[in-house]
Amino acid sequence: MPENINTTPLGDIERELAAAVDDRPVMVDVDHVSMVFNMASQQLNSLKEYAIALAKRELMFKEFRALDGVSFTVRKGDVFGILGTNGSGKSTMLKIIAGVLEPTEGTCSINGSIAPLIELGAGFDMELTARENIFLNGALLGYSKKFIQQHFDEIVDFAEVEKFLDMPMKNYSSGMVARIAFAIATVIVPEILIVDEVLSVGDFMFQQKCERRITQLIKEHDVTVLIVSHNNDQIERLCNKAIWIEKGHTRMMGSAADVCRAYRVLGGHVGSAESEAAVFSMLNSPTRVPDELVSSVAGESRYGTAVKIAEKCRFAQGGSLILASGDFSLPCMSAQGLSGMLDAPVLLSKHESLPDVVAQEIASLAPHRIVVLGGEDVLSSEVAEQAKDAARDGCAIERIDCNESVELARLIFDFGKRAAEEDGVSGWSKLAIIAHHDCLGDLITLSPLLFNQHIPVFYIRELGVIDDATAASIQGGDFTDLLVLGVDKHIPDTFLAACAAHGVKSERLIGKNPYDANEKINDLITSGQVEGARLTIDNLIVSSVWNPADAFAAGAWAAKTDSAFLLEDPQNLDSVAHAISYIKKKGGSVKHLTFLGDSSQFGRLDKEMLGKAVQEALVDAGLADTGAEDAQPAETESTDFTSTDAASANTQENE
């Protein structure tokens, strides 16, 4: 996906600056500062080539604007945070404030002494001892030898390097070097302290110690502080004001709480300006999200999440169980129909070892049969043995022995046919699905239907090519209908014509992107057009489309609770805006959201925004009150979305 990161202001910055009334002395005044660097547009390998290019006036440079008209004011006692993605100009701005760089345009006025903590350890000679480097580095920072002697014990005590003073610094770890550099730089009480990513250096205890030193300077000495950090929580905790700079442009400025809140949701995210505006509007909506409206299901890993899902499905003890690799998506999708046929959970495993949480669930279910999907390269024999040991005595291990997804899907279909004959269970549906490997999101959306209707999934080996064995399975008389995921370059019309000749009608299901396809599929499987489909959108199971492993085993749970999937990528604003629009479009039909995965998949604000969309749709439909008067202020993030049962909060027990 091409980069499409917005850089326009999220408000009228100039008007906000003009409206601000504050009588405290101005310590830093940045006025329409721009910084332009010249980058060579050609490679010159010698001084001679440079001289020739210069004489011919062929020396070409490309202009790079690191900062573009940035303005802000920092007053005495402010702790001012600067946020932005890598390469956005944060460190360049600090270097201009520190006097290291001269701005190309605009002015930067400083009123007071500065202690810049921009590059800890710069100026150290690694061949010298720590003792010698303390004097050397102090001299480079402008301290006299007498001053360093007076504060030497204080520096050593803070850095906690007393035992290693006479050891060459080349033998120090980077964290120990950072300790010494920070101790030297903060030994005086400056009027302005500039901190650039210092608090992310060193061990955890050292970071806390640095924070305490900075907090002491702020509270006891009224020091003005400017902080650059990628740690959003740190900026929000330490700062009272903040500015968000994106690719050299000011995006937002105000209270640290407001700026950090917006940055969490929008910072560095791709998407159109229209999508960003929709997401930003929902972020700032005063609508309150009732606790029972949003829940989460997450294990410590994809393996634990699959176990939690299996527990919610309440599969009977002594039945069958399907074991698949947590590293390969397509076999997991092929397993959904077999899972429904056998009424068996799909559990995930690592290649070499069975996770403990999975072994415990196998012991709890005590299956009489474990179906292992894949050959030795997918799941080792040790995993199969560990699974058998965890199960009850007499448990049979049946491996579908194939390492390649296309053939494995066909073998799963053959296994299901035999299981239907031998076990007397309902067999495969008359509908089959054929897809390519890029259709994972579509298959996740379809997975509850695959489970309910026992629908097999087949795959193509390469674009436009369907292998003979797969074609024979589809055209062999078992199916009357074929759902095709993909355009003609994936599955050609010639193949579909051959299927028609064998009595198999086909229909393509194509979306403009994974989110559009997700909506189309949901509309299809919840409309009653598909025979036997009982799915609704009363509860939407929200799954990440960029890291969908938590949904690999969720088809059974969605099917058993008549739920549908909503795919979203929180890093893609077009995706988030589409999810908001989809919920609103359904006019109050969506009554509950369950998010799959931990906070690395969906943050608290990601859940809150979709929750607001659901609540506002319910209000518009006359089914709920906004509760806006009871909403928390935007800067407080107190709502706790606990891990609860996904489908129906009023009928199943909370996690």
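The values are calculated or read from the model by the stated rules, or taken from the named source; none is laboratory data. Given the structure is predicted, the values throughout are model-derived calculations rather than measurements. All Cβ positions, glycine included, derive from the backbone under ideal geometry; neighbour counts span all protein chains shown.
Please count how many residues of segment 418-470 are in contact (Cβ under 8 Å) with a residue 24 or more places away in the chain, closer than 27 Å to Cys313 by Cβ and of a type in the set (Lys, Arg).
So the answer is 1.
Given Leu610, Leu567, which one is in contact with a Leu (Cβ under 7 Å, 6 or more places away or on another chain), crowded, with 24+ Cβ neighbours inside 10 Å and at negative phi?
After ruling out the rest, the residue left standing is Leu610.
Counting just the residues of segment 230-245 that are more than 22 Å from the chain's Cα centre (by Cα) and in a strand (DSSP E or B), which one comes out surrounded by the fewest Cβ atoms within 10 Å (Cβ to Cβ)?
That would be Lys241.
For segment 309-331, state whether one or more residues are assigned to a helix (DSSP H, G or I), closer than 23 Å to Pro548 by Cβ, in contact with a Ser or Thr (Cβ under 7 Å, 6 or more places away or on another chain) and touching a residue at least 40 places away in the same chain (Cβ under 8 Å).
yes
Looking at segment 444-452, is at least one residue surrounded by 16 or more Cβ atoms within 10 Å (Cβ to Cβ), modelled with pLDDT under 95 and more than 27 Å from Lys584 (Cα to Cα)?
For segment 444-452, residues surrounded by 16 or more Cβ atoms within 10 Å (Cβ to Cβ), modelled with pLDDT under 95 and more than 27 Å from Lys584 (Cα to Cα): present.
Checking the conditions here, which among Ile491, Ile525 is closer than 29 Å to Leu566 by Cα, over 29 Å from the mean Cα position of the chain (by Cα) and touching a residue at least 24 places away in the same chain (Cβ under 8 Å)?
It is Ile491.
Out of segment 444-473, which residues are of a type in the set (A, V, I, L, M), out of contact with any strand residue (DSSP E or B) (no Cβ under 6 Å at 6 or more places or on another chain) and more than 17 Å from Thr536 (Cα to Cα)?
Ile460, Leu463, Val465, Ile466, Ala469, Ala471, Ala472
Restricting attention to segment 593-632, and to residues there that are assigned to a loop (DSSP other than H, G, I, E, B) and among the polar types (S, T, N, Q), which single residue is modelled with the highest pLDDT?
The qualifying residue modelled with the highest pLDDT is Gln601.
Could you list, in sequence order, all residues of segment 369-414 that are touching a Pro at 6+ places or on another chain (Cβ under 8 Å) and closer than 18 Å to Cys332 by Cβ?
Listed by number, the residues that qualify are Leu373, Gly374, Val378, Ser405, Leu408, Ala409, Ile412, Phe413.
Of the residues that sit in segment 178-191 and are surrounded by 22 or more Cβ atoms within 10 Å (Cβ to Cβ) and either under 18 Å from Asn232 (Cα atoms) or in contact with a Gly (Cβ under 9 Å, 6 or more places away or on another chain) (or both), which one is modelled with the lowest pLDDT?
Ala178
The rows are residues; the columns are (1) out of contact with any Gly (no Cβ under 6 Å at 6 or more places or on another chain); (2) hydrophobic (A, V, I, L, M, F, W, C); (3) buried (at least 20 other Cβ atoms within 10 Å of the Cβ); (4) more than 22 Å from Arg212 (Cα to Cα).
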site: Gly69; (1), (2), (3), (4): yes, no, no, yes
site: Val79; (1), (2), (3), (4): yes, yes, yes, no
site: Thr92; (1), (2), (3), (4): yes, no, yes, yes
site: Asn111; (1), (2), (3), (4): yes, no, no, yes
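Of all residues in segment 482-515, which are modelled with pLDDT of 95 or more and surrounded by fewer than 18 Cβ atoms within 10 Å (Cβ to Cβ)?
Ala497, Ala498, Ala500, Ala501, His502, Gly503, Lys505
Hey, among the residues in segment 544-581 that are in contact with a Gly (Cβ under 8 Å, 6 or more places away or on another chain) and charged (D, E, K, R), which one's nearest to Ser600 (Cα to Cα)?
Among them, the one singled out is Asp550.
In segment 344-411, which strands (runs of 3 or more DSSP E) lie fully inside it and hold 2 or more residues that are farther than 14 Å from Gly326 by Cα and in contact (Cβ under 8 Å) with a residue 12 or more places away in the chain?
Answer list for segment 344-411: 369-373, 396-400.
Yes/no per residue for (1) surrounded by fewer than 23 Cβ atoms within 10 Å (Cβ to Cβ); (2) in contact with a strand residue (DSSP E or B) (Cβ under 9 Å, 6 or more places away or on another chain):
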residue	(1), (2)
Lys247	yes, yes
Val259	no, yes
Val265	yes, no
Gly268	yes, yes
Ser272	yes, no
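Please pick out the residue among Ile155, Ile97, Ile148, Ile82 that is touching a Phe, Trp or Tyr at 6+ places or on another chain (Cβ under 7 Å) and either in contact (Cβ under 8 Å) with a residue 12 or more places away in the chain or not in a strand (DSSP E or B) (or both).
Ile148
Condition check: touching a helix residue (DSSP H, G or I) at 6+ places or on another chain (Cβ under 6 Å) and not in a helix (DSSP H, G or I). Does Ser285 satisfy that?
Yes, satisfied.
Output the residue which, of all residues in segment 211-229 that are of a type in the set (Val, Ile, Thr) and closer than 17 Å to Tyr263 by Cβ, is surrounded by the fewest Cβ atoms within 10 Å (Cβ to Cβ).
Val228
Looking at Ala498 and the list (1) within 27 Å of Ser581 (Cα to Cα); (2) out of contact with any strand residue (DSSP E or B) (no Cβ under 7 Å at 6 or more places or on another chain); (3) small (Gly, Ala, Ser), which single condition is not satisfied?
(1)
Could you tell me whether Asn137 is polar (S, T, N, Q) and surrounded by fewer than 18 Cβ atoms within 10 Å (Cβ to Cβ)?
In short, no.
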